[in-house]
Amino acid sequence: MPESSIIAIGNELLRGFTVDTNSNWLAGRLFALGYPARVITVVGDTDEDIVAAIQDHTERQSLARILVCGGLGPTPDDRTYAAVGRALGRPLRYNRMIGAQMQNLMFARRIAGLRGTAELNAGNRKMAMLPEGAILLSNGHGMAPGLAFALDPDRYLFVLPGVPSELRSVFEQEIEPRFLLGSQADAVAELHYASAPESAFHDVMQALEREYPDVSLGSYPQTERRELILRATGPDPARVKAVLKAIRIRMTRYTPLEA
């Protein structure tokens, strides 16, 4: 199964000002499409850290889809386009088509009237300075375009805006239908227990890990509901169900809740 990764960029994430909902949403979509995330990295608005994260992910050949999120705006702390260019060895070039689209948006959103001009300022022009050779991905909700780079055959790096509505639009309208085809999501099955101690399942889970190495099995306490969830995932639905059946048989002291 092809794997993916996410690089989330922003000081606001590292300092606790903003919850990283983008990575959570992307991870769920990628899993459902059969490109589960292997790793999620969060870095601040520092050139060296962004470049290092991109280079680390691109060097991992198992990562077939790499998604870089945030830092595409008009202010000096938005450094992603330039960092991607550095990491991939691609110089920045001014994209006239993107510049023209920004001007059209300024009229459509009446920004030109408020500013008294439709001329692009330095911040606007910065958003049109893109790494050479990028595949443009339309951003119907904002000015900064998403980008795609072919790293190897059927291996891509994507650059997405950090504004959640823009990120989701680019992903759903551009990336999902064009670049995330041909894979199948893992099967998922769960058992729910009321007031069962998590530690009681250690031995049986350890044994099942050895017996079913192709199935991922985890326990997730829900303290607010006083409930324990055991979740199994794997490529073969029959083997996933077999793992949960084995838990039922071997853990007769605890009865799972009926769905």
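Read the figures in this text as sums done on the coordinates, not as results from a lab. These numbers come from a predicted model, not from an experiment. Positions of Cβ are generated from backbone atoms using ideal geometry, with glycine treated the same way; all protein chains shown enter the neighbour counts.
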Given a Förster distance of 30 Å, the FRET efficiency implied by the Cβ-Cβ spacing of residue 178 and residue 122, rounded to the nearest 0.05, works out to 0.40
Cβ density ranking, 10 Å radius, fewest first, applied to 21, 252 yields 252, 21
By Cβ neighbour count within 10 Å, fewest first, 130, 181 rank 181, 130
Here, residue 151 and residue 250, labelled 7 Å along Cα→Cβ, have an inter-label distance in nm of 3.7
Both in Å, the radius of gyration and Dmax of the C-alpha trace of region 1-105 are 14.8, 43
Only helices counted: for the chain, with every DSSP H run of 4 or more residues adding -39500 (n - 2.57) and the sum spread over all residues, [θ] at 222 nm is -10500 deg cm²/dmol
Ranked on Cβ counts within 10 Å of their own Cβ, fewest leading, 199, 138 go 199, 138
For region 1-69, listing trypsin sites (Lys or Arg not before Pro) in a DSSP loop whose Cβ sees at most 15 other Cβ atoms within 10 Å gives 15, 60
Dividing the alpha-carbon radius of gyration of the chain by 2.2 N^0.38 Å, where N counts its residues, gives 1.24
Full extension between residue 31 and residue 202 adds, at 0.36 nm per residue less the Cα distance, a length in nm of 58.9 nm
Amide H proximity to residue 37 below 5 Å, modelled H, separation 5+ or other chain, gives 4, 31
Loop-resident chymotrypsin sites (Phe, Trp or Tyr not before Pro) in region 1-72 with no more than 13 other Cβ atoms inside 10 Å, DSSP not H/G/I/E/B, are 17
So, relative contact order of the chain in percent, Cα under 8 Å, 6 or more apart, is 17
In debye to the nearest 20, the charge dipole size for region 1-155, taken about the Cα centre with +1 at each Lys and Arg Cβ and -1 at each Asp and Glu Cβ, equals 580
Distance in nm between residue 211 and residue 227 label points, each 7 Å along Cα→Cβ, equals 2.6
Compactness check, region 187-250: C-alpha Rg relative to the 2.2 N^0.38 Å globular estimate gives 1.06
